[in-house]
Amino acid sequence: MVDQILVGAAIGCLYALIAQGFALTFRTTHTMNFASGEIGAIGAFIAVGLAGAGALPAPVKLAVVAVVVALIGAALFAVLIRPFVTNDGHDARWLLVTVAMSLVAVDVLRNSQGTQHRPLGFAQLDGVFSLGFAQVPQQLALLAVVCLGLGVVIALVVTRTSLGVRMRAVAEDAETAGLVGIDSRRIGMLSYAIGSGAIAIGATLWTGYVGVFPDMGPLLLVPAFAGAVIGGLVSVWGALVGGILYGVADQLFTYWLGTAAGGVIGLLAVVAVLVLRPEGLFARRQEVKV
Amino acid sequence: MIRTLRRVALSAAVLSLLVTAACGGSDSGNGGKSGDPLQAKIGLIGPKSGAAQFYWTELERGIELAEPEIKEKFGVTFEKVEGDDQGSPDVASRVIQTMLNQDNVDVVFGPSQSGPSLQVAETIQRTGRPWLVSIAAADEILNPEASPNWGFRTNNNNSDAIAVSGSYLWSDSDAKVGIFYGADAYGQSNHDMLLAYAKKNGKTVVHEEVIQPGATDVSSQVRKMRDAGVTSILGAVTTGADTAAITKAMDQLGYKPDRFLVTATVLAGYTDLAKPREWENLAFIEPRDLTGDSFAGITQKYEEKYGEKPTSSVAVYTTYTSALLYGQAVAAAKDAHDWKAVRQAMEDTPKLDVNGRVWEKPFGAADHDLYEDDPSSWFVIGFDPEGKVRTIGSAGS
Amino acid sequence: MPARTPMPARLRPWAFPLLVALVAGIAIVYTTDGSGVRLSNNQQIGQICAFLVATTGLNLLVGRTGMHSFAQGGFLAIGAYAFVWTQLKWDAPFLVGLAVATIIPALAGVLIAVATTKMRGPQLAMVTLIAAVVIFKVLSEWKPFGQFGGYPNVSAHGTSLIEPPSLFGWELQPPLFGGTPATALVPVIVLAALALLLYRRLVGTTWGLSLSVIKQSELLAEHLGVNVYLRKIAVVSLAAGMAGVGGVGYALVFAHLQPETFALMLGVNLIVMVILGGSGYVLGPVIGTAAIVYLQTAPSVASFVRWENDVISDRWYLSAQGLIAFLMIAVLFAMPAGIVGSAARLYRRWRPRTSAAATTSWDGDDPAAHLFGEEAVPTELVVDGVGLAFGGVRAVDGVSLTVVPETIVAIIGPNGAGKSSVVNLISGVYAVQGGTVRLGGDVLQGVPSYRRSRLGVARTFQTPILSPDLTVTDNVLVGSEQTALGSCAGAVVPTPSSRRRHQRDLLDVAAALELVGLSEVAGRTADELSYGQQRLVELARALVSRPRLLVLDEPAAGLNPTEIAALATILERLRGQGLSILLVEHHMDLVRRIADHVVCMIDGRVAVAADADTVLADPQVVSAYLGHGHLETTGDRHA
């Protein structure tokens, strides 16, 4: 069972990283990218393309992937999502735009790359870490370390740096933030860039374990969204914990109850959390203002 | 101002797209009733778009590859009507409707996947049109009660595959048999068949585990399989990637069952994703000798024509077979548009020769499956360390 | 913008039903002749009609109530499976199957609504997404429903098609076989027509208006006496039931169910249909559903894909699904209100709605007497030692005050003194922490806002909450008792008494508008009014419920001196009718003129309470105001 917890936590770190992207963009723009899974897929396919460039060391390739995808993320926000940023909670057009984006992306990826899984071709560790009491595949360990590291860095940037302060200012009141010279558009683009770049690295390392394929989006989206929601949506630390929590819970329920029931119970647990604490586990309840 | 202009331009574009969509393409065919009796109007339906596009590609190419031979041997030519079912049953139902009643096709090839096939099976059957099922493997697609039966299958069905697999899995009398199966149509069907086989033969399936397609990690399922003491496993999952996930977990846990039997779906991408040590004791059974001349010859034709390896060489071969079967029947019936005669001719096929492999009287009124479940006619196939298929032997021995 | 709530165009009452009946009739005649050539069209029409019932239900949620649900596809699946189950298990008559297939998803809807009461936005989306995934999993992995083998299937049922159900001795044949008239399409088309009529009928009633109020502000809805919790349950289960009916339609058209059809993607598609067509418009889902179902298999889309392959690339192209998604993005940019919504707006620009078309005008004597004359029971508000803390900060600390009938009490005090919090404690926005609040013989603390409203508390807000798209009349009408108490069934089926009640409500609205002096603008939409007028609309809305206690939060903020004078006159008239009035106010001129009693709050406590002149002269009050800013005595303050 310890093995299952460790493996669940490792995959959970990837969910957490994507969930942080949700939290980050939701704080600053009140939008979330439902095409995040496809952003990851785009990153992984770019990585496959780079695999041939043998001369570059793996970390450099990953960095290139991250930068390219970050630019794509920022551009998508500026062009397609930003026009739908409003304060109206009932206006869900951003959601539809990002869902539509994911459908377009997956369609293009399927048509151009084929639907088959293919090997990533680099940054793959083959083997198992034996900790005595438990074992973790090295690739998953690498995934966990990198995602967790990125996640902590993102959380620290958001909570501790002046950039984070500006992000928070935009999150709390974009108009007032604008008055003191904070460009909410740039902050939004930056949030999307950070989120997308991080997802690209995480998803690429993950495909080193499972293979690269166009339809990987939904496999990442639902757990990451669940992690973000139980983490409280606006809290980057909450998303980090929420994602890992979901990863572990999903793995344990699967272990105890089998794949079919376990997957369902994992999702119902998310519903239960939301019913008990609609604001999530780690965010403070907002008082109504009249 | 620019905003308004942009909006107006976009609106115009959207509207024109809708209008062209609404007005365009009312080219309903007038049926194949007229013209050359040996030119068949064939309907091809499969997932041209969607998550399983390669099944469409192999369907289309399998027929394309067979066309020269059909023309040369039987003088029959094809006029193709293509339909994209998008892998979705309701879309398949609508596409089939157009094919059967508007385009008036002489024969339907496909759908490639079981779900859409099951949705349209009864419609084709009751409408009465020759129907070639060359890729989808679910047994229920052909209703055994139907008479006359319009459907012909040139792939093996799941129950035949399981009957042969069963005899292989239990060939060691005290083998403890377990199954990994995918949470999809293919996995469920194989699972049900294995259980039915076990019941019929007085055996028990010791342990079963579901594999979620695309799951990152299946070590918990593999661990439980090991802990149940299973020595002989059937793996019925849809993609090579899922098989790779299983063998990876087995490798990590150091679990080596005596037999790990999978299905031909493993051909799609497995060896790209797995390591040679993980496939050492992996095998799958096939009613086709994948290294034999008949099969390898068609795969080679494919590579020459399209410059790439087929994703599913089996689908190409079975579709090639179906096209030959149909072409031969059209020649025998002398009129592609006489559907009843063509159907009868297929049922009465005296001999079918697919690139050297010969079937004598493969069908009967109650038997519309090309392959039989006699283990001695099946092969056990594995991979060599380079990842090339190798025939280990006959499933009968 | 999507937050707007479009209202049906004012046609003659029979025009819309006639149109729907006409189109349905043509569709039925067209589809049931049994010729093979049209079969695929028939099937498409059948699928559109089946989905249309579900998308119209979803339109109630998305367009009216502002709830985005991915679960509608799941409910449709439940309906379809439940219906087929009744056919296979009992060979049930069509109507029995229909009833079962409506009730089961409706109950599932209740479950979802109960679970999501406190959620909105992303949380709500998450839960409905999970519901869709779980429903798909259950249907695809549960043995009795044939799993991926389909339902029914050959091995368990001997056939893969359901037997045609019977309706009044008629066999309902699916549009699958040439030469057989597709009689199953008759009920499918009729159900779609009924769904449209139901929708159109509902949104014109106070029940339907209350949904728009919930979308605008749940807080406001609560203060109008609407039990938001129950009403959300009602609308979610109504929508789910309609999805179930759509599922029946699907089962009739295809006669066989494969779980692949009902994956999450269906739920996404249904939302896309609503928004693409125009959410909130009765014809929106019609256009959206027809467009998407048609485009999926449109020959021209196929030829467009071929064109892409020939001209652009045979690898980098969009196929049907991608093209539809692309179209969706384009529509969101070009037509924010959807196809129908944008068309409607263009039409409005070309031909503005004539104002005051269908409003009742007031021609009685004294509107105040009409509203409060006979039945008003003078009631006293007693607030005793109430407290409220946010975190560690005590916003309200042991405040007591009394409003005697036929008096006006004003609460004044510097910003942050806790004035609004006291109002919020009285109307039920916050729960009191200690102390009591009584209105006449009724205890208010611990009672939810909607019940307080029904007990006779009406209030206005610091910034007015109005539905910008609704007419002034409709905005006031939502204040009437029927908004709170009317039932969905009552709204759908008009009875003579409900018609009379509605006429009475309209008369009340006219009286209230006359009272506040807005009769002239009754037919305008709220967003056409000045800020001052909007505040008066809120006041009128508060009055039509015939409250015993009227609570006004800074009613004069943003008004010009003339308007303030008018407001004072109105309030004095209301006082004359025996009302208890409590107001929070900064305008000392107004306070001095109308307040019988003034309470000054400083730092959450009552500092001074006496008549206006005494309080305003009190040194404590003067220094508090000076310390926090200035004591306003002029009317130029704008909020």
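Points worth noting:
- Residues of region C:31-69 satisfying the condition of being out of contact with any Lys or Arg (no Cβ under 7 Å at 6 or more places or on another chain), of a type in the set (Ser, Thr, Tyr) and within 23 Å of C:ARG200 (Cβ to Cβ): C:THR55, C:THR56, C:SER69
- Filter pass, B:PRO310 being outside any helix (DSSP H, G or I), under 25 Å from B:ILE63 (Cα atoms), in contact (Cβ under 8 Å) with a residue 60 or more places away in the chain and not charged (D, E, K, R): yes
- For A:ALA92: the one exception among (1) in contact with a helix residue (DSSP H, G or I) (Cβ under 6 Å, 6 or more places away or on another chain); (2) within 9 Å of chain C (Cβ to nearest Cβ); (3) crowded, with 18+ Cβ neighbours inside 10 Å: (1)
- Residue that is farthest from C:VAL138 (Cα to Cα) [pool: residues in region C:262-298 that are buried (at least 23 other Cβ atoms within 10 Å of the Cβ) and of a type in the set (Phe, Trp, Tyr)]: C:TYR281
- Here B:GLY202 clears all of (1) within 14 Å of chain C (Cβ to nearest Cβ); (2) surrounded by fewer than 23 Cβ atoms within 10 Å (Cβ to Cβ); (3) not acidic (Asp, Glu) except the condition numbered (1).
- Residue count for region C:41-95 satisfying the condition of being assigned to a loop (DSSP other than H, G, I, E, B) and hydroxyl-bearing (Ser, Thr, Tyr): 1.
- Residues satisfying the stated conditions in region B:112-135, i.e. part of a loop (DSSP other than H, G, I, E, B), within 28 Å of B:ALA264 (Cα to Cα) and within 11 Å of another protein chain (Cβ to nearest Cβ): B:GLN113
- The requirement of being in contact with a Gly (Cβ under 7 Å, 6 or more places away or on another chain) and surrounded by fewer than 17 Cβ atoms within 10 Å (Cβ to Cβ) is fulfilled nowhere in region B:321-337; no residue meets it.
- Condition met for C:VAL615 (crowded, with 21+ Cβ neighbours inside 10 Å, assigned to a strand (DSSP E or B), assigned by TED's automatic domain parsing to the domain that holds C:ASN424 and touching a residue at least 24 places away in the same chain (Cβ under 8 Å)): no
- Meets criteria (in a helix (DSSP H, G or I), on the phi < 0 side of the Ramachandran plot and of a type outside the set (Asp, Glu)) for A:ALA63: yes
- Test result for C:SER155, within 14 Å of another protein chain (Cβ to nearest Cβ), outside any helix (DSSP H, G or I) and under 27 Å from A:ALA260 (Cβ atoms): no
- Test: C:GLY428 is surrounded by 17 or more Cβ atoms within 10 Å (Cβ to Cβ) and in the same structural domain as C:LEU506 (by TED's automatic domain parsing): no
- Condition met for C:GLY179 (within 14 Å of chain B (Cβ to nearest Cβ) and on the phi > 0 side of the Ramachandran plot): yes
- Wholly within region A:171-290, helices (runs of 4 or more DSSP H) carrying at least 2 residues that are within 14 Å of chain B (Cβ to nearest Cβ): A:184-210, A:217-231, A:236-257, A:259-276
- Summed over region B:249-306, the residues that are of a type in the set (S, T, N, Q) and assigned to a loop (DSSP other than H, G, I, E, B) give a count of 3.
- Residues located in region C:274-287, provided they are part of a helix (DSSP H, G or I) and within 11 Å of another protein chain (Cβ to nearest Cβ): C:VAL274, C:ILE275, C:LEU276, C:ILE287
- The lone exception for A:ARG186 - which of (1) surrounded by fewer than 24 Cβ atoms within 10 Å (Cβ to Cβ); (2) of a type outside the set (Ser, Thr, Tyr); (3) touching a residue at least 12 places away in the same chain (Cβ under 8 Å) it fails: (3)
- Residue match in region C:102-112 (condition: touching a Pro at 6+ places or on another chain (Cβ under 8 Å), in the same structural domain as C:VAL245 (by TED's automatic domain parsing) and in a helix (DSSP H, G or I)): no
- Across region B:228-235, a minimum of one residue is classified as assigned to a strand (DSSP E or B), modelled with pLDDT of 90 or more, within 30 Å of A:GLY132 (Cβ to Cβ) and not charged (D, E, K, R).
Residues checked against (1) part of a helix (DSSP H, G or I); (2) small (Gly, Ala, Ser):
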site	(1), (2)
B:THR321	yes, no
B:ALA332	yes, yes
B:ALA336	no, yes
B:LEU352	no, no
B:TRP359	no, no
B:PRO362	no, no
B:GLY387	no, yes
B:GLY396	no, yes
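- Residues in region C:316-334 that are more than 9 Å from chain A (Cβ to nearest Cβ) and buried (at least 23 other Cβ atoms within 10 Å of the Cβ): C:VAL331 only.
- Applying a threshold of 9 Å to beta carbon distances and a minimum spacing of six or more residues, or different chains, the list of pairs starting in region C:399-411 at a residue that is among the acidic types (Asp, Glu) and ending at one that is assigned to a strand (DSSP E or B) reads C:GLU406/C:SER580.
- Just one of the listed residues (C:VAL110, C:VAL138, C:VAL84, C:VAL100) is within 14 Å of chain B (Cβ to nearest Cβ) and surrounded by fewer than 21 Cβ atoms within 10 Å (Cβ to Cβ), namely C:VAL138.
- Set B:ALA245, B:ALA274, B:ALA283, B:ALA264: member being over 15 Å from the mean Cα position of the chain (by Cα), hydrophobic (A, V, I, L, M, F, W, C) and more than 13 Å from chain A (Cβ to nearest Cβ): B:ALA283
- Qualifying residue in region B:181-188 (condition: away from chain C (no Cβ under 14 Å) and within 30 Å of C:GLN258 (Cβ to Cβ)): no
- Test: B:GLN113 is free of Cβ contacts under 8 Å to residues at least 60 places away in the same chain, farther than 30 Å from B:ASP36 by Cβ and in the same structural domain as B:ASP348 (by TED's automatic domain parsing): no
- Residue check, B:ALA138 farther than 23 Å from C:GLN44 by Cα, within 12 Å of another protein chain (Cβ to nearest Cβ) and among the aliphatic types (A, V, I, L, M): yes
- Qualifying positions in region A:123-163 - more than 14 Å from chain B (Cβ to nearest Cβ) and assigned to a loop (DSSP other than H, G, I, E, B): A:ALA123, A:GLY132, A:PHE133, A:THR161
The values are calculated or read from the model by the stated rules, or taken from the named source; none is laboratory data. Just so it is clear, the structure is predicted and the values come from calculations on it, not from any experiment. Glycine gets a Cβ as well: all are built from the backbone with ideal geometry, and neighbour counts include every protein chain shown.
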